[in-house]
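Data block below; observations after.
The values are calculated or read from the model by the stated rules, or taken from the named source; none is laboratory data. These numbers come from a predicted model, not from an experiment. When we count neighbours, we look across all protein chains shown, and the Cβ atoms used for this are built from the backbone with ideal geometry, even at glycine. What goes into the accessible areas is simple: the full protein's heavy atoms, side chains included, and nothing from ligands, DNA or RNA. Shrake-Rupley method; radii C 1.70, N 1.55, O 1.52, S 1.80 Å.
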Amino acid sequence: MDSFVPLWVLCISAILIFTVPNNFKHTISLALVAITIAFTSYWAGLALFYGFELQGLSPFSMISGDSPIVVDKLSAFFILVVNFTVLTGLLYAKGYLKSYLKTKNKHLMSIHYFSYVWLYFSMLLVTMVRGGLDFLIVWELMTISSFLLVIFDSEKEDILKTGINYLIQMHVGFLFLLVGFLFTGEFSGTISFDSMGVAFSSNELFEVFGSHGNFWLFLIFFIGFGIKAGFIPLHAWLPHAHPAAPSHVSGVMSGVMIKMGIYGILRVLTHLQSDWMEVGVFILIISILSGLYGVMMAIVQHDLKKLLAYHSIENIGIIGIGIGLGLIGIATENHPLAVLGFGGGILHILNHSLFKSLLFYGAGSVYKSTHTRELNSLGGLIKSMPKTAIFFLLGALAICGLPPFNGFVSEFLIYSGLFKSLSSANLNMSLMFLGGITSLALIGGLAIFCFTKAFGVVFLGSARCEFPIKPVEADGSMLFSKLLVAVVIVMIGVLPNLFLQPISEVVGMFVTSGGDVFAKTMHTTSQVGIISGIFILVIVVLYFMRKKQQSTVAVEYGPTWGCGYTGADPAVHQYTATSYADNYKQLTKPVVGSETEYKSFSEEEIFAPARSFVSHSHDKIEDNIINKGIAWILKTMERFAVLHTGKVQHYLIYPLVFILTLFLLTLLNII
Amino acid sequence: MISLLLIFIGALIFPGLISITKAKLSGKKGPGIFQPYKDILRLLKKGSVYSSTTSFVFQVAPIIYMASVLGAILMIPFGNFKQGLISFEGDFLMFAYMLAFGKFLMIISALDTGSGFEGMGANREALYSMLVEPAFFIVLSSVVMLSGYTSFYEMFTHFHVENYVSWLYVAISVYLLIQITLIENSRLPVDDPKTHLELTMVHEVMVLDNSGFDLGLIQITGALKFAMFGALIGNLVIPPMHLGFELSALAFVVIQALFAITVGFMESFRARLKMIYNPQFILTLSGIALIAFFAVFFITKTI
Amino acid sequence: MIVLFAIVTLIASGLAFFVRKQEINHGIVILFTLCSIAFNFYEYLHIDEVQLNMIKPDALGLIFLAIISVLGFFTAIHYRTYANKKKETDRTVSIHNSVYILFLAALAGVNLSNNFGLMWAFIEGTTLTGAVLIYHDRDKLALEAVWKYVFVCSVSITLAFAGILFLSVAAQGTNSVDFQFDSIRALAEQMNPTWLKVSFLFILTGFSVKMGVFPMFNVDIDAKDMSPSPIGALFSSVLLNAGFLAIFRFYAAFSGTSIQGWMHNVLIITGVLSILFSAAYLIRVKNYKRILAYSSMEHAGLILLAVAMGKAGYVAALLHIIFHHWLNQAFFIK
Amino acid sequence: MSSLFVIIFLGTLFYLALSVNVKNYINLIGIQGLLLFGIAIFELHELNVVHLILILAETLIFKGIIVPGLLYRISKRNKISVLKNNKTHRKAKGFNMVIITALVIGLSFVFSHNQQDAHLEIQYFTAAISAMIMGILFITVNKNIIIHLISFLVIENGIFLMAIAVGSNMPMLVNAAILLDIFSSVLVLTVFLNRIGQFFQDVETDQLTELKD
């Protein structure tokens, strides 16, 4: 408990937020977060760079027995990621929430800031506590605080509904975690992460689950954590909750909170004793499907934030591909694959937290100045908010995995692992790796498709409809937080080795003998950095050449080439988000559910009346598995609800039947 | 460095060769081999007209497009003799993603004009390049499988062709690379650069609004890109033939020329595909690539 | 002290019945609940001490007793506001309060008795007093609810009594049986397991109506629905406790024997069925009070499951009971 | 002698199964009370004055006289003498009930016989179990709540018989409390039954099905 005292003090002092007036709430939250960041980053730094793992006891020890808190390398990595995104999120919130200060009352603002700070604390604690009960408590705290953040705008009725949907799905996940931990406790004697290793190798496990016990127990945890992380088909909450939340919250939720699911999976994996192959293949397949499905669904979205939310699923898929490959590498004792897989996956956690928060901040700025997230009514914003546009473009390039930005580095590592192992594997493995390569390539292509659409439609061209208030550039604080993120994104892209060093420490937790692989990889990535540098240099040279040329010749401005027709407003026949995705939709009909409402012309119509065209997309997995499943459960439950007939005669049959049945069962030795 | 040089030479003769071939086949006299470059030079000296809808994205896109292709060329080796300027494990990934970067910028620059036609072109370009990506990666995977190395130079150096199955594999790969090149460079059968109807164009309609220096850059880049893929094909074919350094260099240029003539032939005798068949056509390439991949299993006797 | 408490109860009840002035009436009840808190404290000081042969406050009983007296106090206060708001007549209030005192005393008796027979008698006492409390509104629906409640409770309580008789059959083989918990627990191992099973089955079924779990939950739900909200809260908290305690006493007494595993299975079946049916109704029912009633049925099922889970489950069950009560009380009162 | 009482007791169950007249039910429950008194007297080996008084109060006075009397008054006040249902239907139902009664008694006998418990009086035990089960069955097949009450009393009688069969020796205080409880529960039930008679037009349970989900 000793070393962590500052953290507890900070946790409690979050109450201060309630006591100060509205204008200071942000300042005080920022101060709290900043101090916490200072402490935790120091701890994390100790673990990551000096190998010193800070240890202590959790305050819950009084109830649940000794339960340690440890900042090891894995926790340290996640702490640093969380710290950065939470900080930028809070900086961004200053500008974003400014307009809400007038409309929301004091208590709502207090609750919002308090939940934000507590979301931060709970995420920190999730990565640090080791006792199972403690973990479940902080996990629940995380869910509740994020729930409160999601329903910030609860005057809109949809948002509350979404929030409750989120809460329920999180609790389904919680149930699985609880079951998983109970099994751990059953098999090892104590409910904690540290005893998981014992549980995974205990005889009871194999008695209960059969010879692939490790896989089945892992699966329980995977479902629990996977709901948070958003793997398909557990993702149904994600595309609804992210758009509903305020943008800084979506940034934090998508950037780091869903990574807590990944953290849980990784933490459980460190204790896995066998079945690496099965688990690895399972994660790989689920992740490939998540990656593809996420990006495929993203393309057809009209809502900018929903689009980004689906991209979270895609990126979770990429992270999962890395982890799955790493596990296969461990199983086949293929060190390069293991190191590169885990390394890529873990680096992508960091990367995704950066560019996704950047994109959400960008989307938030757009929403704030235009009050819409509907792609088809946006357009041409690059002229009124050029800085936001540049940052969004940067995020878009990074999320597509294009060099010289950070997304490329992590995808590069995963690709390298795949390609390196291609020739040394057997047929099945080779095909699996090929599947990984192809799907990564396809994901990359689709992401480009999606973000050219998103960026092009929102920021480029001319405005598609009149905004009541002319859009203006985002606030200084909002831009500043974006700048912070952007700098790190470029840094990872150009100087990847700076970041790969700590990551190799984290990977060391999974693969013990991968040091030389990492040294080689660092050599390679430095080359990546060099070529990125050359690339930038060429751009600069060409730019100046062009500038010189332009200064000597006449440069004119005129309307866009309209195929000779200048009668109509060019904005009218611009490509929209829907038309951009149309041919894609035709191709992917079996996977992506979409409908259009349109009545075509009939022969009798000489003077056709005005027509409308509406298109919707819907998530087929959500429709078919979640919604239909719930409908089925409700229907079945309805059938159970037959006992309360209102007749005393019936009420007395139940005990008679109950006693006789149980008596018979007893006689027959069934129970 | 030598590969860079050879690619520049290839790029120099490429557009001219194609147009000469096409002219001859249709019974015309045809322009000189450097006519395209004369056009480009004129463009480079011209002034520009910009749409007032556009922003800086439109202006920097051609530069970045060109830079991306130049960056990609740096990684192309010269057969089994000389590696590219920069060579490292997995450089072909950098290659592919670098090109994608340029394409990204070109697509959004087309959207920047706010024109319906250019948006359409951008959309098609994005779709086709997305669909062709898997095929390219599968072909590369098969080469990696066969050689056991993951950088361009080592891949091609250790690429052994022993029996007729291997030659079959080479044939398939070359076919695939040609097709991929054609798609990437917006040629027949997916796109026809000489079409005159905006509604049926893909790449050309994207650059409708570019003019002057920018257009010149785009056209140079197109030629470079073509030559770059030609070099890739050359790299695949030359090392197994075990020629000497000088002969290889010659073969390199010859292959580029042959490639250009082939394209000319194809464009003369073939019509463009219907727009709706394009995705199927491109996806079929992935299927054929898979066959190549399986062929590798036979060659390496894994199955 | 027990006798004194009993006398105080009777006097308070009588006073509450005859004094028709509302405020004084409420005052008497509140005073009585304070007395019962004091009594609770006294019993706490004499923990595990057998009094009058049949009364023995053990830890579990005391915890539940504490819940009763504290909740009883708050319910009394709440009833005062309830009555004022609804403008109840003096007669209704005095009858209610008089019976309320008896009800609390009977509940206290359930928790304190150390004898199966006496406990049974006190539980029957809660039925009778509870009936009057339910029939507070004196309308058709209340009449229906109370009739069903009393009738089904009476039948169920006879089933529970049959269970006790079966226990005595089982105990015939052993000598000296006085139906004290401890002596049964000590001798249970020597008893015929078949009779113990039958006995447990009847007792579980018989007390299920008090605890509000499957198979006899129906009338309990109706009662909670139709009684005034303070009483409904009390029903789904302390009365549930009493039912649970009754079942748990038997369970604890038999748990040393070979039938423990069987009992766990039976408890799991009951618990799961309760949760299932309550969940089914929770989806369907729209009435706020009935939803709460079903939710407390679900919790009761969970408690049974927790008990069936074994060691850690007991603590979980206990914690669950305690937390459930406060929450439920809050909801019902709201 | 006590065997004769038991056989008569079982006979009353058959009669109850067949009966369509409320009056008959009331009479039969009174007869059962008297029979129980007889059985109890025969079975009470050590005659304790207090115990005797208790037994006397419970069976003869309470079960034999007071309850039937109360029920008479109620049925008269509510003008119910013959059950409302169609007579032929009742007959058929009654016939089924006879078969069921026979089955229940037979199975109870087999069950108690198989227990081989030295301390168990098989004849009483059989009667007790049959009475309990039949009581519940009577409730389930009838709609009239006076008959429900009577059937409840049949169950009570079964319990009483069982207490005798197992030779239960509860402490006196507990016995008294139990007695008081049962007594008052019947009283409370009759009070509410009366209320129902006033509130509703008749005392069929069809009236009482408002509370359901």
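For the set B:Lys38, B:Lys46, C:Lys286, A:Lys305, the ranking by accessible area, highest first and with no ligand, DNA or RNA atoms included, is C:Lys286, B:Lys38, B:Lys46, A:Lys305 under a 1.4 Å probe. Take the cross-link list A:Lys306/A:Lys356; A:Lys104/A:Lys259; A:Lys548/B:Lys46; A:Lys647/C:Lys224; A:Lys259/B:Lys103; D:Lys79/D:Lys143 and give me the ones stretching past 20 Å between alpha-carbons. Exceeds cut-off: A:Lys104/A:Lys259; A:Lys259/B:Lys103. Ordered from highest to lowest accessible area with the whole protein assembly present and a 1.4 Å probe, A:His616, B:His196, A:His107 read as B:His196, A:His107, A:His616. Please work out the C-alpha center-to-center distance from segment A:430-456 to segment A:478-553 and express it in whole Å. Cα centroid to Cα centroid, the span is 21 Å.
With no solvent and one point per C-alpha, what does the Debye sum give as log10 I(q)/I(0) for chain B at q = 0.07, 0.12, 0.13, 0.14 Å⁻¹? Normalising to I(0) and taking log10 leaves -0.26, -0.79, -0.93, -1.08.
When only Cα pairs below 8 angstrom with a gap of at least 6 residues are kept, chain B shows a relative contact order of 31 percent. Once you divide the Cα radius of gyration of segment B:134-232 by 2.2 N^0.38 Å, the number left is 1.36. When a 1.4 Å probe is rolled over the protein heavy atoms, the share of accessible surface on chain B that falls to carbon and sulfur comes to 69 percent.
With respect to the cross-link table entries A:Lys420/B:Lys225; A:Lys305/A:Lys383; A:Lys25/A:Lys228; A:Lys453/B:Lys225; A:Lys387/A:Lys420, which display a Cα-Cα separation exceeding 31 Å? Those over the limit are A:Lys387/A:Lys420. Per residue, the convex hull spanned by the Cα atoms of segment D:2-204 measures out at 103 cubic angstrom. Here segment A:295-444 is treated as a Stokes sphere of Kirkwood radius computed over C-alpha pairs; at 20 °C and 1.002 mPa s its diffusion coefficient rounds to 131 µm²/s.
Here is the list for segment C:24-113: trypsin sites (Lys or Arg not before Pro) lying in DSSP coil, each with at most 12 other C-beta atoms within 10 angstrom of its C-beta, are C:Lys87. The mean accessible area for residues of the protein assembly as shown, using a 1.4 Å probe and ignoring ligands and nucleic acids, is 36 Å² per residue. Among the trypsin sites (Lys or Arg not before Pro) found in segment A:583-671, those both in a DSSP coil and sparsely packed, with 15 or fewer other Cβ atoms within 10 Å of their Cβ, are A:Lys599, A:Arg611.
Taking θ as phi - 60° and the Karplus parameters 6.51, -1.76 and 1.60, the scalar couplings of segment A:147-159 work out to 4, 4, 6, 5, 8, 4, 8, 6, 5, 6, 5, 4, 5 Hz in sequence order, x denoting glycine and proline. Between A and C, buried accessible area from a 1.4 angstrom probe totals roughly 2500 Å², ignoring ligands, DNA and RNA. Which one of A:Ile28, B:Asn210, B:Thr300 is farthest out on the positive end of the charge dipole of the protein assembly as shown, using unit charges on Cβ (Lys, Arg +1; Asp, Glu -1) and the Cα centre as origin? Working it through, the farthest residue towards the positive pole turns out to be B:Asn210.
Pick out, from C:Pro193, B:Tyr164, A:Leu378, the residue whose Cα sits farthest towards the positive end of the charge dipole of the protein assembly as shown, with +1 on the Cβ of Lys and Arg and -1 on the Cβ of Asp and Glu. The residue sitting farthest along the positive end of the dipole is A:Leu378. Take the Cα radius of gyration of segment A:371-472 and divide it by 2.2 N^0.38 Å, N being the number of residues; the result is 1.48.
What fraction, in whole percent, of alpha-carbon pairs in the protein assembly as shown exceed 68 Å separation? Percentage above 68 Å: 29. Solvent-free Debye calculation, one equal scatterer per alpha-carbon of segment B:205-303: log10 I(q)/I(0) at 0.16, 0.21 Å⁻¹ equals -1.07, -1.22. Kirkwood's formula applied to the C-alpha pairs of segment A:524-671 gives a hydrodynamic radius of 25.6 angstrom. Taking 0.890 mPa s as the viscosity and 25 °C as the temperature, the Stokes-Einstein diffusion coefficient of segment D:132-190 based on its alpha-carbon Kirkwood radius rounds to 198 µm²/s.
Under 5 Å between amide hydrogens, built in the peptide plane, is the criterion, and for C:Ile55 it picks out C:Asn114 among residues at least 5 positions away or on other chains. Counting only Cα atoms, the size of segment B:98-157 along its three principal axes is 47, 17, 10 Å, in decreasing order. Semi-axes of the equivalent ellipsoid of segment A:258-334 are 28, 13, 7 Å, computed as sqrt(5λ) over the eigenvalues of the C-alpha gyration tensor in descending order. When chains C and D come together, the accessible area they lose, probed at 1.4 Å and totalled over both chains, is close to 4100 Å². Leaving out ligands, DNA and RNA, and with a 1.4 Å probe, what % of the accessible surface on chain C is carbon or sulfur? Summing carbon and sulfur atoms, their accessible area is 68 percent of the total for chain C. Net charge dipole, segment A:271-425: roughly 740 debye, given to the nearest 20, about the Cα centre with Cβ charges of +1 for Lys and Arg and -1 for Asp and Glu. So for segment A:277-549, Kirkwood radius off the Cα pairs, Stokes-Einstein at 37 °C and 0.692 mPa s: how many µm² s⁻¹? So the translational diffusion coefficient is about 170 µm²/s. Placing +1 on the Cβ of every Lys and Arg and -1 on the Cβ of every Asp and Glu, with no other charges, gives segment C:95-217 a dipole of roughly 180 debye about its Cα centre. Here is the list for segment A:110-159: GluC sites (Glu not before Pro) lying in DSSP coil, each with at most 13 other C-beta atoms within 10 angstrom of its C-beta, are A:Glu155. Figure note: A:Thr103, C:Thr126, A:Thr645, A:Thr512 ranked by solvent-accessible area, largest first, 1.4 Å probe, ligands and nucleic acids not counted: A:Thr512, A:Thr103, A:Thr645, C:Thr126. Across chain A, the mean sequence separation of Cα contacts (distance under 8 Å, 6 or more residues apart), normalised by length, yields a relative contact order of 12 percent.
Cα centroid separation, segment A:81-96 to segment B:1-80: 46 Å. Between chain B and chain A, the total buried accessible area stands at approximately 6700 Å², from heavy atoms with a 1.4 Å probe. When the Gaussian network model of chain C links Cα atoms closer than 10 Å, the mean-square fluctuations of C:Arg284, C:Arg20, C:Arg185 top out at C:Arg284.
Directionally averaged projected area (segment C:138-334, Cα convex hull): 10.8 nm². Contact order, relative form, for chain C: 15 percent (alpha carbon pairs under 8 Å, 6 or more residues apart, mean separation divided by residue count).
Rg and Dmax of chain C, based on Cα coordinates, read 19.1, 59 Å. Binning all Cα-Cα separations of segment C:1-114 at 10 Å, short to long from zero, yields these whole-percent fractions: 15, 46, 27, 11, 1. Take the convex hull of the alpha carbons in chain A; its mean projected area over all directions comes to 40.3 nm².
Placing +1 on the Cβ of every Lys and Arg and -1 on the Cβ of every Asp and Glu, with no other charges, gives the protein assembly as shown a dipole of roughly 3380 debye about its Cα centre.
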